[in-house]
1. So which chymotrypsin sites (Phe, Trp or Tyr not before Pro) in the stretch 6-43 pass both tests, a DSSP loop state and at most 11 other Cβ atoms within 10 Å of the Cβ?
2. For the chain, what is the mean residue ellipticity at 222 nm derived from helices alone (per DSSP H run of n ≥ 4: -39500 (n - 2.57); sum divided by total residues; nearest 500 deg cm²/dmol)?
3. Specify the inter-centroid distance of the stretch 26-76 and the stretch 168-183, based on alpha-carbon positions, in whole Å.
4. What does the charge count near F32 come to, summing +1 for each Lys or Arg and -1 for each Asp or Glu among other residues with Cβ under 10 Å from its Cβ?
5. What size of dipole, in debye to the nearest 20, comes out for the stretch 7-74 about its Cα centre when the only charges are +1 on Lys and Arg C-beta atoms and -1 on Asp and Glu C-beta atoms?
6. Per residue, how much accessible area does the chain have with a 1.4 Å probe, in Å²?
7. Projected onto the charge dipole of the stretch 77-118 (+1 at Lys/Arg Cβ, -1 at Asp/Glu Cβ, origin at the Cα centre), which of A115, H78, A88 gives the Cα projection farthest towards the positive end?
8. Of G259, G57, G142, which is the most mobile in a GNM of the chain whose springs link Cα atoms less than 10 angstrom apart?
Amino acid sequence: DMSVHLWRTGYGAHLALYPNLNVEDEVWRQVFRDARFRRALSLAINRKEVNQVIYYGLAQPGGNTLAPESPLYHPVNHETWARFDMKAAAALLDEMGLRRGRDGIRLLPDGRPLAIIVETAGESSEQTDMLELVHDSWLRAGIKLFIKPMQREVLRNRIFAGQTLMTVWTGVENGIATWQMSPEEFAPTTQQQLRWPKWGQYFETRGNAGQAPDIAEAAELLRLFFVWRDNPDREIRERTWREMLTLYADQVFSIDIVGGEFTLGWPRLSD
């Protein structure tokens, strides 16, 4: 006499990867800021396999964007650069000049192996299990992945300081947004954002700390955020929302691993 129901989550993705565009390492910073690299990483993830192995086929593979329940949802944003296409991923990496070494692992422009350390808060084996599957598919593309769990406060400080290359956390928190709600999650507006903490800090402190966004697409997202903030007109706000979602999805500023129909009660990194 029992029935089981999936708890529908409001996240834009159940779990996502966040390359740190403000990382201190100059070589890695330039690689991460090349949209071709972020797109290649996304294309090289076998989301269908992750969904079947970890989530019994109950999740929804796709990009880290608004959920179908949002009136602003568009399937194109959900699908952009989110298919599994190893050939396309390899072509993008080749185009960047990231050639393979003798062991098959690609090399950074300075000759170091292309090995990404993904740091986690170490609070769930789910993240580790999922990253092991990502490791296997990225290895086929010539990219090594290492998992480094640590205490959450240490992780947060490392991200802010630019010491972390990449981390894994939940996706967009408000995945069911409407035009009245702020699109601040899709622009560098707070230090808490894992993909551009120093740009977010610059916004929060009105330029007294952090760094101003210095790539055109991030600066454009911030400009569009101001357009939304300063215009109460519904048509303008809806259009601005959609422009931001399209730009964010195309640039793959965060890499969704799997969307979800359910939640396991993940806390905020800032808690």
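The values are calculated or read from the model by the stated rules, or taken from the named source; none is laboratory data. Nothing here was measured: the structure is a model prediction, and the numbers come from that model. Positions of Cβ are backbone-derived with ideal geometry, glycine not excepted, and every protein chain shown enters the neighbour counts. We work out accessible area using only protein heavy atoms, side chains counted, and drop any ligands, DNA or RNA first. Shrake-Rupley method; radii C 1.70, N 1.55, O 1.52, S 1.80 Å.
1. Working: sites: W7, Y11, W28, F32, F37; in loops: W7, Y11.
Sites meeting the loop and neighbour criteria: W7.
2. Result for the chain, helices only: -12000 deg cm²/dmol.
3. Cα centres, the stretch 26-76 to the stretch 168-183: 15 Å.
4. Values: positive: R29, R33, R38, R195; negative: D25, D34.
Taking every Cβ under 10 Å from that of F32, the sum is +2.
5. 220 debye
6. Working: 12390 Å² over 271 residues.
Per residue, the chain has 46 Å² of solvent-accessible surface.
7. Of the options given, the answer is A115.
8. G57
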